[in-house]
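What follows is a set of notes on a single structure, which appears directly below.
The values are calculated or read from the model by the stated rules, or taken from the named source; none is laboratory data. Model, not experiment: these values are computed from the prediction. Here the Cβ positions follow ideal geometry from the backbone for every residue, glycine too, while neighbour counts run over all protein chains shown.
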Amino acid sequence: MAERDERCMVIDCHTHIFPPPICQDRAPYLAADPAFRILYSSPRARIIEANALIDEMDRSGVDRAVAMGFPWSDPDLVRRHNDYVGEAADRWGGRLLPFVCVDPRASAAANEVERCLAAGMRGVGELAFYTDVLDEWLMEALDPIASNCQARQVPIMLHANEPVGHDYPGKADVPAGGLYRLIRSFPENRFILAHWGGGLLFYELLKREAREVLGRVAYDTAASPFLYDPTVYAVAVRIVGARRILFGSDFPLISPKRYFEEMASAGLGSEDIAWIRGRAAFEWLGLGTAALTG
């Protein structure tokens, strides 16, 4: 694919792909992994291979997409899934931007991150905590991973979700205070907080400390059509600016077209929409000479 001007490029910063054996028969994986069972026990919960993601990108006008796996509890499965994501990125000629996904609790997590980043992966994530409360244990577990990401100038994507409202598969106990303390513990790292940061972005209205601590955080829009009124776009732009908002679809959960429709209805200017649809991700992910370097 010929590279387009970054000012026009549409980048989906949040998608998930799975190796063919898992897509063809998820039953043994449901039995073996509690977190996978929480998210994908329903047959309505889609899992897709890389070619299905590329097809959707073509239909929706998406130029590039961050592709991520799953934080399996089995280290061997983590490795095989990351290999699949990396191989898919190679096969599709730069359209897929691979992230390495691990369970930070695993003893081999830091080595797996090192292996995959050394092979050219673009970031770490989505790190999620579906079965444990995000607590102080994560600071120690994340330290070697954060150090590697800092050295390579790549971001870490963290799963976040709002602490109130309706329940749904994957809605975990992710307290805003714990997420905030984690980010504060790694001031040299860049983070992407999925799902509007679970509302953490609204605390950037606080007069002291929060805006400075969260200044190296970007927020993605993943699952927004299921969670928020479209006015969230205009509110978020007023609080943090469009340069820190990244379009993420969480595909195959929702088609990118749904997001584009909501952005168009939110009263945003064309410049803000251009930043959210891709320009901000181009900088945040370090895809060109204008990339954010810290």
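Could you say whether any residue in the stretch 182-196 is over 27 Å from Val78 (Cα atoms), in a helix (DSSP H, G or I) and touching a helix residue (DSSP H, G or I) at 6+ places or on another chain (Cβ under 9 Å)? Break it down into steps so the answer makes sense when it comes.
Taking the stretch 182-196 and keeping what is over 27 Å from Val78 (Cα atoms), we get 184, 187.
Applying the additional criterion that residues be in a helix (DSSP H, G or I) yields 184.
Then drop every residue that is not touching a helix residue (DSSP H, G or I) at 6+ places or on another chain (Cβ under 9 Å), which leaves 184.
The answer is yes, given that some residue of the stretch 182-196 is over 27 Å from Val78 (Cα atoms), in a helix (DSSP H, G or I) and touching a helix residue (DSSP H, G or I) at 6+ places or on another chain (Cβ under 9 Å).
Tell me which residues, restricted to the stretch 147-159, are of a type outside the set (Val, Ile, Thr), without any contact (Cβ under 8 Å) to a residue 60 or more places away in the chain and within 19 Å of Tyr219 (Cβ to Cβ).
The initial filter retains those residues of the stretch 147-159 that are of a type outside the set (Val, Ile, Thr), namely 147-153, 155, 157-159.
Next, only the ones that are without any contact (Cβ under 8 Å) to a residue 60 or more places away in the chain stay: 147-152, 158-159.
Selection gives Cys149, Leu158, His159.
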Check your understanding: When only residues in the stretch 149-181 that are buried (at least 16 other Cβ atoms within 10 Å of the Cβ) and charged (D, E, K, R) count, which is modelled with the lowest pLDDT?
Key -> Lys171
Check your understanding: Going by the structure shown, is Gly215 under 20 Å from the mean Cα position of the chain (by Cα), surrounded by fewer than 22 Cβ atoms within 10 Å (Cβ to Cβ) and either in a loop (DSSP other than H, G, I, E, B) or among the acidic types (Asp, Glu) (or both)?
Key -> no
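Does Ile239 satisfy the criteria of being part of a loop (DSSP other than H, G, I, E, B) and touching a Phe, Trp or Tyr at 6+ places or on another chain (Cβ under 8 Å)?
Spelling it out, it is not the case that Ile239 is part of a loop (DSSP other than H, G, I, E, B) and touching a Phe, Trp or Tyr at 6+ places or on another chain (Cβ under 8 Å).
So is Leu97 within 27 Å of Ile145 (Cα to Cα), buried (at least 16 other Cβ atoms within 10 Å of the Cβ) and either of a type in the set (Val, Ile, Thr) or over 19 Å from the mean Cα position of the chain (by Cα) (or both) or not?
So Leu97 does not fit the description; no.
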Exercise for review: Residues being under 20 Å from Leu200 (Cα atoms) and polar (S, T, N, Q): count how many of those fall in the stretch 141-181.
Suggested key: 1
**Study point:** Restricting the stretch 53-73 to residues that are out of contact with any Lys or Arg (no Cβ under 9 Å at 6 or more places or on another chain) and surrounded by fewer than 19 Cβ atoms within 10 Å (Cβ to Cβ), the residue that is nearest to Ala31 (Cα to Cα)
**Key:** Asp55
Review point. Of all residues in the stretch 133-159 being in a loop (DSSP other than H, G, I, E, B), touching a helix residue (DSSP H, G or I) at 6+ places or on another chain (Cβ under 7 Å) and among the aliphatic types (A, V, I, L, M), which is nearest to Pro43 (Cα to Cα)?
Key: Leu134
Check your understanding: Only one residue in Phe247, Phe260 is in contact (Cβ under 8 Å) with a residue 24 or more places away in the chain, hydrophobic (A, V, I, L, M, F, W, C) and surrounded by fewer than 24 Cβ atoms within 10 Å (Cβ to Cβ). Which one?
Key -> Phe260
Check your understanding: Could you give every pair whose Cβ atoms fall below 6 Å, whose first residue belongs to the stretch 63-85 and is more than 20 Å from Trp284 (Cα to Cα), and whose second residue is aromatic (Phe, Trp, Tyr), counting only separations of at least 6 or pairs across chains?
Key -> Val78/Trp72
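Name the one entry in Glu204, Glu162 that is touching a helix residue (DSSP H, G or I) at 6+ places or on another chain (Cβ under 8 Å), in a loop (DSSP other than H, G, I, E, B) and farther than 16 Å from Cys13 by Cβ. If you could, list the steps in order and put the result at the bottom.
Working: Glu204 fails: in a loop (DSSP other than H, G, I, E, B).
Only one candidate qualifies: Glu162.
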Exercise for review: All but one of (1) free of Cβ contacts under 8 Å to residues at least 40 places away in the same chain; (2) surrounded by 21 or more Cβ atoms within 10 Å (Cβ to Cβ); (3) not aromatic (Phe, Trp, Tyr) hold for Leu142, so report the exception by its number.
Suggested key: (1)
